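Chemist: First the structure, then my questions, so here it is.
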Amino acid sequence: MTEFKPPLEDMNFLLANVFGVEKLWQDIPALNEAIDVDTANAILEEGGKLASSLIAPLNRSGDEEGAIFDDGIVTTPKGFKAAFDEFAEGGWSGLCGDPEFGGMGMPKMLGVLFDEMMYAANTSFTLYSTLTAGACLALNAHGSESLKSDYLPHLYSGRWSASMCLTEPHSGTDLGLIKTKAIPNNEGSFDITGTKIFITGGEHDLNENIIHLVLAKLPDAAPGARGISLFLVPKINVENDELTTPNNVSCGSIEHKMGIKASSTCVMNFDESKGYLIGEAGKGLACMFTMMNYERLSIGIQGIGCGEMAYQGASEYAKERLQSKGIGELRDTTKEADPIIVHGDVRRMLLTTRANNEGSRAFALYIAKQLDIAKFSDNEIDKTKARSLIALLTPVAKAFFTDLGLESTILSQQVFGGHGYIREWGMEQLVRDARIAQIYEGTNGIQALDLIGRKVVANKGDDFSIFSNEIKSYISTFKTGDLADNKRLQSMFNHLEQSITSLDKLTALMLSRGQDGNEINGNAVDYLNAFGYASYAYMWCMTSISAVEAQFSSDNPYLENKLLIAEFFFARLLPKQQTYTLAIESGVESMMAMPNDMF
Ligand SMILES: Cc1cc2nc3c(=O)[nH]c(=O)nc-3n(C[C@H](O)[C@H](O)[C@H](O)COP(=O)(O)OP(=O)(O)OC[C@H]3O[C@@H](n4cnc5c(N)ncnc54)[C@H](O)[C@@H]3O)c2cc1C
């Protein structure tokens, strides 16, 4: 089985060269004080060591053992607790947390890269900590000062962890249907009663307390989503910084599932458990969206991590496995068979995976950069633009990263032939672990509806125009810049120009069909895919310019390698955008024609 190698060279290149963080961080006073490039590199190196030497070795055993439920108690696989303690002692739980409450205050651009390495090493393990980080964000943004000071320091320190309790048996996508009740009590808090299902990390043995963020309805709540409020419900009550009595929160069972077997997926029962309102009554869904948006990007990164790990295994295997003779120059006449890496189809699979992973990594950093500007910048114009881009691009990231992540794990498994299907090489676990990311945190279909419905049509394309205009102005800058004569870059920028022109037209078409619910619903996923490929064309142009610039002073083969992957993307993957576009242009009549009872 392949050992995980943190892709630090690519990460450092993206940070320093493509996204120019030295200048970016110096220009934002709050970040200038917090971080510089050397510190960022050192943190990533340490994070990479932690992921590869402490967390990755627990991945296979964690999958085989799984989380175990016995009479309300959930035990994580052997080694998880000790590794979590070490993870917490290193301060990793609070990497991007607010320093006022004990977090390390690092930029999200570092956070996404660290998360990717953790997901690559061990997705199940990582889910316990990323849920906590998302809960901290929601609590910090919407909680009262006393809730923040009582809970955040223990969550950032890793002493406690958190869960996100939305889903109920009859209420998944449509959270307006939830039945969990919150009744005001005479202590100024609320009694929370109800059952939540599918709760990741709802119960486990990694921490002494678990803080649940629970959606519930007050007695006089408005119907539907407008009546939802958000509550903080500790597993064990807390007074004066001490744990006191159990809070009537119990785990009824855990799910037996396809993948992420070491992550506990719990049925959680709340029986008049004491809860504290976060934010305003009736605004719970909006508050929860702070956590959900964070988790959506995080789950997207699960896709990248699984894809990266899969590529590492497949590329190594393809260089060693000898089957069939290559063609032409790639044939070694002295041998009976060549390594499978010489075969066009194997190269197609490996390059698709590599381009998926590296395009996604760049796009994750692009969004993280917007999150950092929105949080740390003192320039209101920049912040407003960044917020628009975050709103627009978060659903794209969640769905596209995880769709490509699964594609990458399956292609990498395919490179192994039959050996990919058996347990020994670890590839089938990656496929199983990557699959859930398309489903939870709002299915990818729902992400696509969020993109086209709420983020494009509802604001008449304003946020889309911000992104599209940025790309068009980037193309103009290239055409008048020092590298305008570079033939390789010219070709890539021509592709980018066609791609964004096509997406502009497609968006105008969707806006013109905005009143037709079936056109929106039936085309949403194809629109998101077309959007995703166009966004990656932008990422690959940014990456390629930086690679060409770096080649003036360095002959590092990594740079030429980067350009070759970019060229593969433009030649072989970007054309998929046109397939999705053509499908949308044909309309949804064929989709809606068949009566329900004929399915
Ligand atoms: C392993 C695991 C971990 C999870 N962790 C958590 C957690 O920590 N906290 C939590 O609260 N939940 C969690 N969930 C729940 C998860 O977020 C939901 O399963 C998911 O959001 C989908 O809800 P559902 O399963 O009820 O599907 P449904 O809502 O019943 O949807 C079924 C299908 O219909 C589609 N659909 C529904 N409505 C529409 C529409 N309007 N237009 C088009 N298509 C539609 C969906 O996309 C989907 O394909 C977890 C689930 C799993 C399996």
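Chemist: Looking only at region 142-155, count how many residues are over 15 Å from Leu230 (Cα atoms) and either in a strand (DSSP E or B) or under 26 Å from the mean Cα position of the chain (by Cα) (or both). Before the answer, list the steps.
Modeler: The initial filter retains those residues of region 142-155 that are over 15 Å from Leu230 (Cα atoms), namely 145-146, 149-155.
Now drop any that are not either in a strand (DSSP E or B) or under 26 Å from the mean Cα position of the chain (by Cα) (or both), which leaves 151-155.
Number of matching residues: 5.
Chemist: Check whether at least one residue in region 411-434 is out of contact with any Leu (no Cβ under 7 Å at 6 or more places or on another chain), within 16 Å of the ligand (Cβ to nearest atom) and under 26 Å from Cys165 (Cβ atoms), and report yes or no.
Modeler: Checked against the condition, which is being out of contact with any Leu (no Cβ under 7 Å at 6 or more places or on another chain), within 16 Å of the ligand (Cβ to nearest atom) and under 26 Å from Cys165 (Cβ atoms), region 411-434 yields at least one hit.
Chemist: When region 515-547 is examined, which residues are found to be within 16 Å of the ligand (Cβ to nearest atom), of a type in the set (Gly, Ala, Ser) and surrounded by 24 or more Cβ atoms within 10 Å (Cβ to Cβ)? If you could, list the steps in order and put the result at the bottom.
Modeler: Just the residues of region 515-547 that are within 16 Å of the ligand (Cβ to nearest atom), to begin with: 516-529.
Next, from what is left, pick out any that are of a type in the set (Gly, Ala, Ser): 517, 522, 524.
The one that is within 16 Å of the ligand (Cβ to nearest atom), of a type in the set (Gly, Ala, Ser) and surrounded by 24 or more Cβ atoms within 10 Å (Cβ to Cβ): Ala524.
Chemist: Contact list please: Cβ distance under 6 Å, first residue in region 253-271 and within 18 Å of Asp71 (Cα to Cα), second residue near the ligand (Cβ under 9 Å from one of its atoms) and acidic (Asp, Glu), pairs at least six apart or on different chains.
Modeler: Thr265/Glu255
Chemist: Looking only at region 140-154, decide whether some residue is modelled with pLDDT of 95 or more and within 14 Å of the ligand (Cβ to nearest atom).
Modeler: The answer is no, given that none of the residues of region 140-154 is modelled with pLDDT of 95 or more and within 14 Å of the ligand (Cβ to nearest atom).
Chemist: Further question on the same structure: What number of residues in region 535-566 are assigned to a helix (DSSP H, G or I) and over 25 Å from Ile367 (Cβ atoms)?
Modeler: 4
Chemist: While we're here: With respect to Thr402, is the statement that it is hydroxyl-bearing (Ser, Thr, Tyr) and in contact (Cβ under 8 Å) with a residue 24 or more places away in the chain true? Break it down into steps so the answer makes sense when it comes.
Modeler: Values: hydroxyl-bearing (Ser, Thr, Tyr): yes; in contact (Cβ under 8 Å) with a residue 24 or more places away in the chain: yes.
Criteria met by Thr402.
Chemist: Please verify whether region 573-585 includes one or more residues that are surrounded by fewer than 18 Cβ atoms within 10 Å (Cβ to Cβ), of a type outside the set (Ser, Thr, Tyr) and not in a helix (DSSP H, G or I).
Modeler: Yes - at least one qualifying residue is present in region 573-585.
Chemist: Sticking with this structure for a sec: Which of the residues belonging to region 182-240 are in contact with a Ser or Thr (Cβ under 8 Å, 6 or more places away or on another chain) and among the basic types (Lys, Arg)?
Modeler: The answer is Lys196, Lys217.
Chemist: Regarding Thr130, is this residue under 21 Å from Gly300 (Cβ atoms), of a type in the set (Val, Ile, Thr), near the ligand (Cβ under 10 Å from one of its atoms) and touching a residue at least 12 places away in the same chain (Cβ under 8 Å)? Walk me through it before giving the result.
Modeler: On the way: under 21 Å from Gly300 (Cβ atoms): yes; of a type in the set (Val, Ile, Thr): yes; near the ligand (Cβ under 10 Å from one of its atoms): no; touching a residue at least 12 places away in the same chain (Cβ under 8 Å): yes.
When the stated conditions are applied, Thr130 does not pass them.
Chemist: If you go through region 50-63, how many residues are surrounded by 13 or more Cβ atoms within 10 Å (Cβ to Cβ) and free of Cβ contacts under 8 Å to residues at least 24 places away in the same chain? It would help to see each step written out before you state the result.
Modeler: Start the filter on region 50-63 by keeping residues that are surrounded by 13 or more Cβ atoms within 10 Å (Cβ to Cβ), which leaves 50-52, 54-63.
Imposing the further condition that a residue be free of Cβ contacts under 8 Å to residues at least 24 places away in the same chain reduces the set to 57, 61.
Qualifying residue count for the region: 2.
Chemist: A further question follows. Name every residue in region 82-107 that is within 30 Å of Gln26 (Cβ to Cβ), assigned to a helix (DSSP H, G or I) and more than 21 Å from the chain's Cα centre (by Cα), in order of residue number.
Modeler: Start the filter on region 82-107 by keeping residues that are within 30 Å of Gln26 (Cβ to Cβ), which leaves 90-107.
Checking the rest, the ones that are also assigned to a helix (DSSP H, G or I) come to 92-94, 99-101.
Residues satisfying the conditions are Pro99, Glu100, Phe101.
Chemist: Would you mind finding the one in Gly194, Gly158 that is at positive phi and in a loop (DSSP other than H, G, I, E, B)?
Modeler: Details: Gly194 fails: in a loop (DSSP other than H, G, I, E, B).
Only one candidate passes the filter, namely Gly158.
Chemist: Any residue at all in region 459-475 that's under 28 Å from Tyr294 (Cα atoms), in a loop (DSSP other than H, G, I, E, B), away from the ligand (no atom under 16 Å from the Cβ) and charged (D, E, K, R)?
Modeler: The answer is yes; a qualifying residue exists.
Chemist: With the checklist (1) free of Cβ contacts under 8 Å to residues at least 40 places away in the same chain; (2) more than 20 Å from Thr501 (Cβ to Cβ) in hand, flag the one item Ile520 doesn't pass.
Modeler: Ile520 satisfies all of (1) free of Cβ contacts under 8 Å to residues at least 40 places away in the same chain; (2) more than 20 Å from Thr501 (Cβ to Cβ) except (1).
Chemist: Being more than 12 Å from Thr581 (Cα to Cα) and either of a type in the set (A, V, I, L, M) or modelled with pLDDT of 95 or more (or both) narrows it down to one residue among Ser512, Ser502; which is it?
Modeler: It is Ser512.
Chemist: Shifting gears a bit: Exactly one condition in (1) hydrophobic (A, V, I, L, M, F, W, C); (2) without any contact (Cβ under 8 Å) to a residue 24 or more places away in the chain; (3) out of contact with any helix residue (DSSP H, G or I) (no Cβ under 6 Å at 6 or more places or on another chain) is false for Trp92; which is it?
Modeler: (2)
Residues are listed down the side, and each one gets a yes or a no for (1) within 15 Å of the ligand (Cβ to nearest atom); (2) of a type in the set (Val, Ile, Thr); (3) in contact (Cβ under 8 Å) with a residue 60 or more places away in the chain:
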{"site": "Lys179", "(1), (2), (3)": "yes, no, no"}
{"site": "Asn186", "(1), (2), (3)": "no, no, no"}
{"site": "Ser189", "(1), (2), (3)": "no, no, yes"}
{"site": "Thr193", "(1), (2), (3)": "no, yes, yes"}
{"site": "Lys196", "(1), (2), (3)": "yes, no, yes"}
{"site": "Gly202", "(1), (2), (3)": "yes, no, yes"}
{"site": "Glu208", "(1), (2), (3)": "no, no, no"}
{"site": "His212", "(1), (2), (3)": "yes, no, no"}
{"site": "Pro219", "(1), (2), (3)": "no, no, no"}
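Chemist: Which residue, of Lys274, Lys235, Lys319, is basic (Lys, Arg), within 16 Å of the ligand (Cβ to nearest atom) and at pLDDT 95 or above? Spell out the reasoning first.
Modeler: Numbers: Lys274 fails: within 16 Å of the ligand (Cβ to nearest atom); Lys319 fails: within 16 Å of the ligand (Cβ to nearest atom).
Criteria check complete, one pass: Lys235.
Chemist: I'm checking my understanding of the structure. Among residues of region 240-251 that are surrounded by 12 or more Cβ atoms within 10 Å (Cβ to Cβ) and touching a residue at least 60 places away in the same chain (Cβ under 8 Å), which one is nearest to the ligand (Cβ to nearest atom)? Break it down into steps so the answer makes sense when it comes.
Modeler: Filtering region 240-251 down to residues surrounded by 12 or more Cβ atoms within 10 Å (Cβ to Cβ) leaves 243, 246-251.
Filter again for touching a residue at least 60 places away in the same chain (Cβ under 8 Å), leaving 250-251.
Working: Ser250: 17, Cys251: 13 Å.
It comes out as Cys251.
Chemist: When the residues of region 338-355 are filtered to those that are farther than 20 Å from Gly328 by Cα and of a type outside the set (A, V, I, L, M, F, W, C), which remaining residue is surrounded by the most Cβ atoms within 10 Å (Cβ to Cβ)?
Modeler: Thr353
The values are calculated or read from the model by the stated rules, or taken from the named source; none is laboratory data. The model shown is predicted, which means the values in this text are computed figures rather than measured ones. All Cβ positions, glycine included, derive from the backbone under ideal geometry; neighbour counts span all protein chains shown.
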